[in-house]
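The structure under discussion appears below in the form of structure tokens.
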Amino acid sequence: MDVSQFGSFSPGRLAPISGVKGLTHAFVPAGLPPAWEWPNDLWPLLLEAHQRLAALDSTGRHLQNPDLVLRPLQNREAQKSSSLEGTFTDPQEQLLFALDPREGSSRDDPVNARREVFNYARALRLRRERQELPLSLRLIKELHEVLMTGVRGSERDPGNFRRLQNQIGRPARFVPPPVPELPSLLDNFEKYLHQGGPLDPLVRAFVAHYQFEAIHPFMDGNGRVGRLLLAVTIAEWCGHVNQWLYMSDYFDRNRDLYIDYLFAISARGEWANWIAFCLRGVVEQAKDTLVRYERLISLHRDFHDRVNRRGASTRLSRLIDELFLAPIMRVTRARDLTAVTYPTARTDLRTLEALGIVSEIRGLPQITYACLPIMDVVYAD
């Protein structure tokens, strides 16, 4: 880490370290809230960001079953956040993996990339399942444990804060705080999650995201946990009924700026540039998300109309809803969902194929169908 880049406006201090080859100093961020005054020229951008978020939340509140939209968007977020860490998977292969997740490595997925993405999607849903827990260090550790189980870094103490010095990049472009500094920093961070402060809640979420990444409390998986936590804080602090907004797509498309703006806060206290960058991302992502879930809602309506015109059974309606939760389906899954025989389930999926809703994936051990229109909406850039 080039210590010469850290100036007098840095919101923290450099701490000497020893015993780690090539590292001489680590950065210790100051506690939250930040000693930073909100610049008036950011008000219009903040207002637009909130207007876009309000439109998302308003539409989402009227959905009869929000999971039909949320689950596809969460699958997209899982892939985009993982790609920021250099983990790339094919959407169809990823969805096939989710049908039957396997422990450990495999010959065609030696780094367990698919499980990394699968774990991220599971962790996104964990917050909804653990609503009795406040935003806390305990919740953060649970998210980390889910993320890191059975993947690269799983040997690095999942679910526990680090007990060794870590670094970002080799050679290090950033060195997080030494281990003895972590308890006080994490205590301050947890208090900030609970107590808030004078900043707008959306701005607070991005301030907390910076702080988490600067502390880097785990040996591995910090970026993914930080982006998970960002989705949670935006939704809860802005009073949304669900996690409608995910930022990883924007951060992935602007990867260098994302990294540079985070570092610029540590080195020079450049909060305004970071917040402006994030608010522009909120506007972009909110627009993109609204288009995607309007298209998903339209698809859902269209598929049901096709089935109704056919005069088909309510079983097909059940299968359509399930396709929005998981757009790849085996005959065995259709059989179990609708409590019919295997031949009847096969006939039902063939009917959906005749209606242009699903297509058979050839060459698999089990008969499997994919809903390509849903996948196009979710995964197309």
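Some observations on this one:
- Helical content alone sets the calculated 222 nm signal of the chain at -19000 deg cm²/dmol, taking -39,500 (n - 2.57) per DSSP H segment of four or more residues and averaging over every residue.
- Helix 67-84 axis, angle to the chain major axis (alpha carbon atoms, nearest 10°): 50 degrees
- As a length-normalised measure over Cα pairs under 8 Å and 6 or more apart, the relative contact order of the range 89-238 settles at 22 percent.
- Selection of trypsin sites (Lys or Arg not before Pro), the range 20-105, meeting DSSP coil and at most 11 other Cβ within 10 Å: 21
- Listed residues 83, 58, 248, most fluctuating in the chain (Gaussian network, C-alpha, under 10 Å): 58
- C-alpha long axis of helix 314-325 to longest principal axis of the chain, angle in °: 20 degrees
- To the nearest ten degrees, helix 255-268 and the longest principal axis of the Cα atoms of the chain are 20 degrees apart.
- Taking 319, 99, 199 and counting other C-beta atoms within 10 Å, the order from fewest to most: 99, 199, 319
- The magnitude of the dipole of the chain, with charges of +1 and -1 set on the Cβ of Lys/Arg and Asp/Glu and taken from the Cα centre, is near 800 debye.
- Cα centroid of the range 306-327 to Cα centroid of the range 120-179, whole Å: 39 Å
- Neighbour net charge for residue 348 - beta-carbon separation under 15 angstrom, K R +1, D E -1: +4
- Loop trypsin sites (Lys or Arg not before Pro), the range 313-381, which have at most 13 other Cβ atoms in a 10 Å radius of their Cβ (DSSP): 362
- Shape of the range 253-381, Cα gyration tensor, a/c cut at 1.5: prolate
- Within a Gaussian network of the chain (alpha carbon springs, distance under 10 Å), most fluctuating of 198, 101, 327: 198
- Backbone HN-Hα couplings from phi across the range 229-246 [Karplus 6.51/-1.76/1.60, Hz, Gly and Pro as x]: 5, 4, 4, 5, 5, 4, 4, 7, 6, 8, x, 7, 6, 8, 7, 7, 10, 10
- Sites counted here are GluC sites (Glu not before Pro) in a DSSP loop (not H, G, I, E or B) having no more than 15 other Cβ atoms within 10 Å; the longest part of the chain that contains none of them is 156-381.
- Taking the DSSP beta bridges with both ends in the chain, the antiparallel portion is around 100 percent.
- Among 363, 223, 239, the largest mean-square fluctuation in a Gaussian network model of the chain, built with springs joining Cα atoms closer than 10 Å, belongs to 363.
None of the figures in this text is laboratory data; all of them are computed from the coordinates on show. Note that the coordinates shown come from a computational prediction; the quantities given were computed from them, not determined experimentally. Here the Cβ is made from the backbone with ideal geometry for all residues, glycine too, and neighbour counts use every protein chain on show.
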